[in-house]
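In what follows, a structure is listed as structure tokens, so that the remarks can point back to it.
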């Protein structure tokens, strides 16, 4: 009986790999991922063209990666400035007025729209470029984290910001840009070694 179970498991793995190959080689989605099926809207999703759905599925991995990166950068900034300056770091840190004004306007717009407010933290209303500027303006607190090279930090953040555009604005990434995204994320982590 145990041998039959092993044989069944191996046969199943072979079949799954063959289906993966078929999906990849023919640019198909056989909808074998139950997690993906459970999360999408079954009323409207099927009405979109297959090519668009396929691009969305491909882009979802890049979005997830960038989401994790951007949120972790916000957390890093917040925790570092809180530990260095105190709980009122948003008011005391060198944060340019144009960033603070934009954050205030974004918070007000959200409140006025009657939507659920996304956060109680102002930093959650900043964009990726703002995060880079906040670190540069407060470099004395971050130099020890980022290999003490403000120029390297700026280059990596600039690359990431350019890559963020197509991800955030629902445009497919070219194959070269997928490679560049992975390299840029790798550069980000190397900055903190």
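The values are calculated or read from the model by the stated rules, or taken from the named source; none is laboratory data. Just so it is clear, the structure is predicted and the values come from calculations on it, not from any experiment. Here the Cβ positions follow ideal geometry from the backbone for every residue, glycine too, while neighbour counts run over all protein chains shown.
I'd like to know if region 96-110 contains one or more residues that are assigned to a loop (DSSP other than H, G, I, E, B), within 20 Å of residue 73 (Cβ to Cβ) and within 24 Å of the chain's Cα centre (by Cα). No, that holds for no residue. Assess whether residue 158 counts as being under 20 Å from the mean Cα position of the chain (by Cα), surrounded by fewer than 16 Cβ atoms within 10 Å (Cβ to Cβ) and free of Cβ contacts under 8 Å to residues at least 12 places away in the same chain. Criteria not met by residue 158. Considering region 69-94 alone, what residues qualify as being closer than 17 Å to residue 127 by Cα and under 23 Å from the mean Cα position of the chain (by Cα)? Residues satisfying the conditions are 69, 70, 71, 72, 73, 74, 75, 76, 77, 78. Number of residues in region 140-149 that are surrounded by 14 or more Cβ atoms within 10 Å (Cβ to Cβ) and in contact with a helix residue (DSSP H, G or I) (Cβ under 6 Å, 6 or more places away or on another chain): the value is 3.
Considering the conditions (1) closer than 16 Å to residue 128 by Cα; (2) at pLDDT below 90, residue 54 is excluded by exactly one of them, (1). When residue 185 is tested against the conditions (1) touching a residue at least 60 places away in the same chain (Cβ under 8 Å); (2) surrounded by fewer than 16 Cβ atoms within 10 Å (Cβ to Cβ), the lone failure is (2). If the condition is being surrounded by 12 or more Cβ atoms within 10 Å (Cβ to Cβ) and free of Cβ contacts under 8 Å to residues at least 24 places away in the same chain, then region 86-102 contributes 89, 92, 100.
Scanning region 68-84 for residues that are surrounded by 12 or more Cβ atoms within 10 Å (Cβ to Cβ) and more than 18 Å from residue 156 (Cβ to Cβ) yields 78, 81, 82, 84. Keeping to region 132-169, report how many residues are within 20 Å of residue 193 (Cα to Cα) and either part of a helix (DSSP H, G or I) or touching a strand residue (DSSP E or B) at 6+ places or on another chain (Cβ under 6 Å) (or both). So the count comes out to 18.
Can you tell me which residue is surrounded by the most Cβ atoms within 10 Å (Cβ to Cβ) among those in region 124-139 that are in contact (Cβ under 8 Å) with a residue 40 or more places away in the chain and over 21 Å from the mean Cα position of the chain (by Cα)? Restricting to residues being in contact (Cβ under 8 Å) with a residue 40 or more places away in the chain and over 21 Å from the mean Cα position of the chain (by Cα), the top hit is 138.
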